[in-house]
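Here the structure comes first, spelled out in structure tokens, and everything after it is commentary.
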Amino acid sequence: MVKQNILDKLMDLQKISAISGQEQPMVRKLMEVLPDLVDEVSFDTFGNVIALKKGSGKGPSLMIAAHTDEIGLIVKSIGKDGFIRFNKIGGMIDALLVGRKVSVNGHLGIVGVKAGHIQSPEERNTIMNYTKMYIDVGAKSKEEVLDMGINVGDPITYMSEIDFFHNKDLLSGKALDNRLGCAILWQLLEDIKDDEIAGDFYAVFTSQEEVGLRGAQVSTFAINPDYAIALDTVPAGDTPEIDTEVELNIYLGKGPVIPLTSGGGVRGNLLHPGMKKLLIETAQKHEIPVQPALFLGGTSDISTMHLVRGGILTGAVTIPRRYSHSPVEMMDINDSVNSYLLLKAIIGEMSEHNNISFLD
């Protein structure tokens, strides 16, 4: 039942287009569905949605954050011939853009490509830089594009609905990063609605993660929780071109990943020993499979959450996905279910988390 409920919510949220900085459609959706599930819900000036379920006062305050934004493009200019030029918002990959269907402020567009019949051998074997690309929305002039309601600054997202494989637990689509985390967090609020919990629980749907973890920094500072968890996705390494043991030992279907390190240099996180113990021992206690792993190629909201104020005890639960930052991200729904079970157990045992120590 939990599996289907998470899937239903994911299917609902994945249809929404919300690039970094223009998360309004996700904010509207969440403000519609969350009020009946919590004691308080609001959104701040940055676009973070903050849902609070109050506790009995016998435990610490907990914040779990999942980001609402997705990678995308933004309209840069509209030519007199009706073709649109664009800039990237977040980690869009040039090689995955050409020939794709996109939504330009709700209108069908195609990232144009010269017909293969007239491409030179060099053109066929070269990845075009996005600055040379354009989007065709079927208009013959700039005026026609403007009449469609498309303007400079408008959002552009992949058009790629969720599809299921022969194994119905495997699915693919755009923006699984991180509509999946949002679906799990929504499901958690629904399922603990009538439960008594020891401490205040803040479910935070953060903004602008894909462009610098910005919403998480703002919301964590405002809430100042006793401890926090970032809920996100993480690249899987179980495809033929990756040596899993050498490069990335993360697999679909083996449970959520507990990142022991993430990011690199000054923009990363070394998991707090007490939070490592909490996450892994809770998983072991409830027989939930997890994958402790190192991931230096990217990070999540954890990297900014743990640095605010005097330092926040922060961990992360991340869900493996193949083909990251593409329109065909792929995941195993069972990893999402196990993420849900781990977080639900942590929420239910908040009274035991009053003394998380660096020396644990």
Would you mind finding the one in Leu279, Leu252, Leu248 that is buried (at least 17 other Cβ atoms within 10 Å of the Cβ), at pLDDT 95 or above, touching a Pro at 6+ places or on another chain (Cβ under 9 Å) and part of a loop (DSSP other than H, G, I, E, B)? Leu252
If Phe83 passes every condition in (1) more than 28 Å from Arg179 (Cα to Cα); (2) out of contact with any Phe, Trp or Tyr (no Cβ under 7 Å at 6 or more places or on another chain) but one, which one does it miss? (2)
Test result for Asp44, farther than 18 Å from Ala183 by Cα and touching a strand residue (DSSP E or B) at 6+ places or on another chain (Cβ under 8 Å): yes
Which numbered condition Val113 misses (of (1) within 26 Å of the chain's Cα centre (by Cα); (2) surrounded by 16 or more Cβ atoms within 10 Å (Cβ to Cβ); (3) of a type in the set (A, V, I, L, M, F, W, C)): (1)
Can you tell me which residues in segment 331-360 are under 13 Å from Leu252 (Cα atoms) and among the hydrophobic types (A, V, I, L, M, F, W, C)? Met331, Ile333, Val337
Only one residue in Ile64, Ile127, Ile118 is β-branched (Val, Ile, Thr) and at pLDDT 95 or above, so which one is that? Ile64
Looking only at segment 193-234, and only at residues there that are surrounded by 24 or more Cβ atoms within 10 Å (Cβ to Cβ) and among the charged types (D, E, K, R), the one that is nearest to Pro25 (Cα to Cα): Glu209
Do we find that Ile347 is under 26 Å from Leu10 (Cα atoms) and hydrophobic (A, V, I, L, M, F, W, C) in this structure? yes
Looking across segment 52-97 at residues that are without any contact (Cβ under 8 Å) to a residue 60 or more places away in the chain and surrounded by 16 or more Cβ atoms within 10 Å (Cβ to Cβ), the single one that is farthest from Asp194 (Cα to Cα) is Phe83
State which residue is surrounded by the most Cβ atoms within 10 Å (Cβ to Cβ) when the search covers only segment 340-358 and only residues that are out of contact with any Leu (no Cβ under 7 Å at 6 or more places or on another chain) and of a type in the set (Ser, Thr, Tyr). Ser351
For segment 29-45, state whether one or more residues are exposed (fewer than 15 other Cβ atoms within 10 Å of the Cβ), free of Cβ contacts under 8 Å to residues at least 24 places away in the same chain, touching a Leu at 6+ places or on another chain (Cβ under 7 Å) and in the same structural domain as His325 (by TED's automatic domain parsing). yes
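The values are calculated or read from the model by the stated rules, or taken from the named source; none is laboratory data. Quick caveat: nothing in here was measured; it's all calculated off a predicted structure. Virtual Cβ from ideal backbone geometry, glycine too; neighbours counted across all protein chains shown.
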